[in-house]
Amino acid sequence: MKFAKKECSDCHKKFEDKYASVKYSHSMVKDKKCEDCHLRHGIVPQLILKKDGNALCTGCHAPDKIGLDKPKVHTPIKTGKCTTCHNPHGSDAKFFLKGAGNEACYQCHKKAAFEKKVVHKPLLEKGCRACHVAHSSVYANLLTSEEPALCLGCHDKGGSAFKKAHGNYAVEQKKCTMCHDPHSAEQAKLLKVSAHPPISGGGCDGCHSPASSPKPFEVTAKKAELCKQCHDMAALTGGGMVEHLPFKDGNCLMCHDPHAAQASKLLVQEGNKLCLTCHKQLSGPMTSKHAAVSQGKGCLSCHKAHASTKKKLLITEGADLCYSCHAKVKDAMKSKEVHPPFAGGECVSCHDPHGSNFPDMLKDRMDNVCFGCHSDAESNFKKNYTHKPVLDATCGACHKAHSSDNKKLLSAQGSKLCVKCHSELMKPVNPGTNHVPFAEGECLSCHDAHASNIRGMVTKNEAVLCATCHSDLNKNAKDAKSTHAPYADGDCTKCHSPHKAKLNKLLLAQSPDLCFNCHKAVKTKVNTEKPHSPAQKDCSTCHLPHLSKEKKLIVEPLQTMCAECHEPGKPGFIKAHLGIKASDMDCMTCHDPHGSKDPKFFKSVVHPPFAGRTCDDCHIKQ
């Protein structure tokens with residue numbers, strides 16, 4: 001069998017229809033040489049390109065031919081994404097651009113910034129490429145030549161209009177973009193958003209030496225002394241003695257541009273970006289952001305720019321600053337129990353006012369914040385069994401952070417607090433038996449709310465804990481000859497449910513199934529051999545559950561107990577036991593009380609003379 005080769009267009013008909021009509025078509029597409037770029041076969045329906053990124057393009061378009069050997073390269077090309085601007089198959093725009101003219105640029109550069117009230121004439125007439133190179137340049141910002149030479153290609157520095165506009169200062173030696181926006185602006189003459197009044201009014205000599213002087217750009221005073229000539233320092237400080245360090249040192253230009261700026265108030269950068277140039281530690285990404293910082297006025301929502309009467313340049317001190325936005329939080333003061341830091345207005349003892357990577361802008365994990373004051377709790381909570389909210393560092397699952405009407409700042413009282421997580425467990429059983437503390441919602445009478453070294457997070461060993469209510473169990477302990485192992489070990493919950501059960505006495509199962517959980521050998525004997533009736537029905541017929549004055553937890557002396565079923569006075573009993581009195585015998589010396597393969601419940605290993613009933617082989621009859 002031979003396979004006939006098909007063209008790609010036989011399947012990709014939509015592609016064929018789309019690119020058959022474009023004005024400019026890539027030569028490979030025109031010549032149907034798809035395999036110059038794509039692999040014919042593939043497992044997943046993706047591009048199946050032969051090479052990644054720009055490596056495919058530079059196979060034909062040598063890097064130096066498209067200018068990639070220059071120091072400044074357009075970001076899409078530098079990151080290997082030629083297809084950000086170009087359509088690799090074809091387009092109605094020259095060079096296979098995805099948009100005609102400036103539209104190709106507006107895919108990344110926001111269009112609004114280039115279409116303000118006053119638009120630079122070259123941008124209007126020739127577009128972006130009037131000043132910029134598409135791929136790379138030796139100049140910053142991909143300019144075709146260096147500033148101000150680029151600007152002076154159109155603007156005659158010797159013209160009277162040029163000189164008049166600049167007060168006869170030789171501004172052609174400086175960068176035009178210090179004052180002008182090269183693309184578009186809301187102000188005349190393409191002046192930036194915020195222009196210093198002496199600049200916009202043509203009064204450069206208000207700050208600089210006259211244009212005719214030997215050093216025309218020299219300022220008439222140094223640092224803040226120059227600014228003080230127009231700006232009232234008392235008004236800027238507002239009576240504040242705590243001054244912003246740049247302001248205090250007279251370094252006004254750390255924050256303000258002396259000529260013009262794209263930000264308001266001649267700021268060198270807008271909003272928080274300016275502050276973060278120095279306060280870099282606050283610039284990291286945060287999962288829990290403070291709206292006051294990230295929105296509106298940003299840093300200036302809480303801080304003054306120049307000076308303040310409060311520490312850290314704050315507008316208002318302490319919690320009053322927080323309450324200016326969080327008024328409802330202040331209402332929590334009316335509760336019966338108020339958290340001391342909250343009552344003292346110490347919000348920052350728990351919260352980071354700038355934001356954090358912890359919920360609710362906490363300074364650290366919630367438990368670590370709490371341990372800052374409750375240091376004893378940290379060691380007390382590190383135990384073998386820890387309550388999940390404590391383990392998950394969510395103290396707020398049970399406690400309210402600011403205030404509560406309940407003691408210990410609990411969000412609810414008693415078992416109502418526990419039911420939030422343990423709703424299924426907290427439902428009483430009916431019909432059945434509900435442990436009294438459980439039924440009355442006294443969870444903490446048995447459990448530690450935070451952590452314990454005892455299984456079940458109980459406050460004491462089960463034997464001691466249970467005995468605080470069930471003291472009658474220990475009355476006969478001194479006289480006991482045998483004790484049930486779970487009772488002795490304090491494992492009450494091996495037999496009883498601590499909360500609720502469908503059986504009396506909170507038993508986990510009925511006897512003998514309950515007993516067989518531990519006594520597996522007895523279970524095997526009862527199930528595989530002839531069972532002793534009491535052992536098969538109910539262990540408590542013969543055994544006590546906790547302790548006994550007799551051996552093996554039996555309810556009364558062995559002979560008395562066995563005599564209740566096996567009448568020792570009957571002739572058959574006397575004959576079978578050779579006339580020996582029952583009171584002189586230990587039944588379990590010969591018989592297994594639970595089960596046996598022998599019809600008379602003899603033990604599995606028997607002395608041969610005894611098995612043959614020839615006692616006189618060893619004993620002398622009297």
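A few notes on this one:
- Qualifying residue in segment 390-402 (condition: in contact with a strand residue (DSSP E or B) (Cβ under 8 Å, 6 or more places away or on another chain), closer than 30 Å to Met241 by Cα, at pLDDT 95 or above and not in a helix (DSSP H, G or I)): no
- Hits in segment 83-92 (condition: within 45 Å of the chain's Cα centre (by Cα) and either in a helix (DSSP H, G or I) or surrounded by fewer than 16 Cβ atoms within 10 Å (Cβ to Cβ) (or both)): Thr83, Thr84
- For segment 273-295, the count of residues that are under 20 Å from Cys207 (Cβ atoms) and surrounded by fewer than 18 Cβ atoms within 10 Å (Cβ to Cβ) is zero.
- Selected residue (criterion: most open to solvent (accessible area, probe 1.4 Å)) from residues of segment 93-130 that are small (Gly, Ala, Ser), farther than 24 Å from Gln187 by Cα and in a loop (DSSP other than H, G, I, E, B): Ala100
- Screening the candidates Leu514, Leu507 for the property of being closer than 30 Å to Lys427 by Cβ, open to solvent by less than 40 Å² (accessible area, probe 1.4 Å) and under 48 Å from the mean Cα position of the chain (by Cα) yields one hit, Leu514.
- Contact map, segment 121-137: residues that are touching a residue at least 12 places away in the same chain (Cβ under 8 Å) paired with residues that are among the basic types (Lys, Arg), Cβ distance under 8 Å, separation 6+ or inter-chain. Pairs shown: Ser136/Lys70; Ser136/Lys72; Ser137/Lys70; Ser137/Lys72.
- Some residue of segment 29-48 being touching a residue at least 40 places away in the same chain (Cβ under 8 Å), under 41 Å from the mean Cα position of the chain (by Cα) and surrounded by 14 or more Cβ atoms within 10 Å (Cβ to Cβ): no
- Of the numbered criteria (1) open to solvent by 50 Å² or more (accessible area, probe 1.4 Å); (2) farther than 27 Å from Arg455 by Cβ, the one Leu409 fails is (1).
- Count of residues meeting criterion [without any contact (Cβ under 8 Å) to a residue 60 or more places away in the chain, of a type outside the set (D, E, K, R) and not in a helix (DSSP H, G or I)] in segment 304-355: 10
- Test: residue in segment 506-514 that is out of contact with any Gly (no Cβ under 6 Å at 6 or more places or on another chain), in a helix (DSSP H, G or I), of a type in the set (Asp, Glu) and farther than 28 Å from Ser379 by Cα: yes
- Any hit, segment 63-80, residues being in contact with a strand residue (DSSP E or B) (Cβ under 9 Å, 6 or more places away or on another chain), in a loop (DSSP other than H, G, I, E, B) and open to solvent by less than 40 Å² (accessible area, probe 1.4 Å): yes
- Residue within segment 453-470 that is touching a helix residue (DSSP H, G or I) at 6+ places or on another chain (Cβ under 9 Å), of a type in the set (A, V, I, L, M), under 29 Å from Phe601 (Cβ atoms) and open to solvent by less than 40 Å² (accessible area, probe 1.4 Å) present: no
- The residue that is surrounded by the fewest Cβ atoms within 10 Å (Cβ to Cβ), counting only those in segment 138-165 that are more than 21 Å from His109 (Cβ to Cβ) and touching a Lys or Arg at 6+ places or on another chain (Cβ under 9 Å), is Cys154.
- Residue list for segment 416-452, filter: open to solvent by 60 Å² or more (accessible area, probe 1.4 Å), within 35 Å of the chain's Cα centre (by Cα) and of a type in the set (D, E, K, R): Lys416, Lys420, Glu424, Lys427, Glu442
- Of the residues making up segment 385-398, those that are open to solvent by 70 Å² or more (accessible area, probe 1.4 Å) and either in contact with a helix residue (DSSP H, G or I) (Cβ under 8 Å, 6 or more places away or on another chain) or of a type in the set (A, V, I, L, M, F, W, C) (or both) are Tyr385, Leu391.
- From Lys520, Lys502, residue being open to solvent by 50 Å² or more (accessible area, probe 1.4 Å) and either in contact with a Pro (Cβ under 6 Å, 6 or more places away or on another chain) or closer than 30 Å to Cys418 by Cα (or both): Lys502
- Screening segment 208-243 for residues that are part of a helix (DSSP H, G or I) and touching a residue at least 12 places away in the same chain (Cβ under 8 Å) and picking the one that is farthest from Leu313 (Cα to Cα) gives Leu226.
- Contact map, segment 455-478: first residue under 12 Å from His546 (Cα atoms) and in a loop (DSSP other than H, G, I, E, B), second residue modelled with pLDDT of 90 or more and open to solvent by less than 80 Å² (accessible area, probe 1.4 Å), Cβ cut-off under 7 Å, separation 6 or more or different chains; pairs are Asn476/Leu547; Ala477/Leu547.
- Selection from segment 310-344 of residues that are small (Gly, Ala, Ser) and either modelled with pLDDT of 95 or more or on the phi < 0 side of the Ramachandran plot (or both): Ala319, Ser324, Ala327, Ala332, Ser335, Ala343, Gly344
- Filter pass, Leu236 being surrounded by 15 or more Cβ atoms within 10 Å (Cβ to Cβ), closer than 30 Å to Glu218 by Cα and touching a helix residue (DSSP H, G or I) at 6+ places or on another chain (Cβ under 9 Å): yes
- Residue list for segment 49-74, filter: in contact (Cβ under 8 Å) with a residue 60 or more places away in the chain and basic (Lys, Arg): Lys70, Lys72
- Just one of the numbered conditions (1) outside any loop (DSSP other than H, G, I, E, B); (2) open to solvent by 80 Å² or more (accessible area, probe 1.4 Å); (3) on the phi < 0 side of the Ramachandran plot is not true of Asp360: (3).
The values are calculated or read from the model by the stated rules, or taken from the named source; none is laboratory data. Values in this document were obtained by computation on a predicted structure and should not be read as measured data. Note that each Cβ is placed from the backbone with ideal geometry, even for glycine, and that neighbours are counted across all protein chains shown. Note: accessible area is taken over every heavy atom of the protein model, side chains too, but ligands, DNA and RNA are not part of it. Shrake-Rupley method; radii C 1.70, N 1.55, O 1.52, S 1.80 Å.
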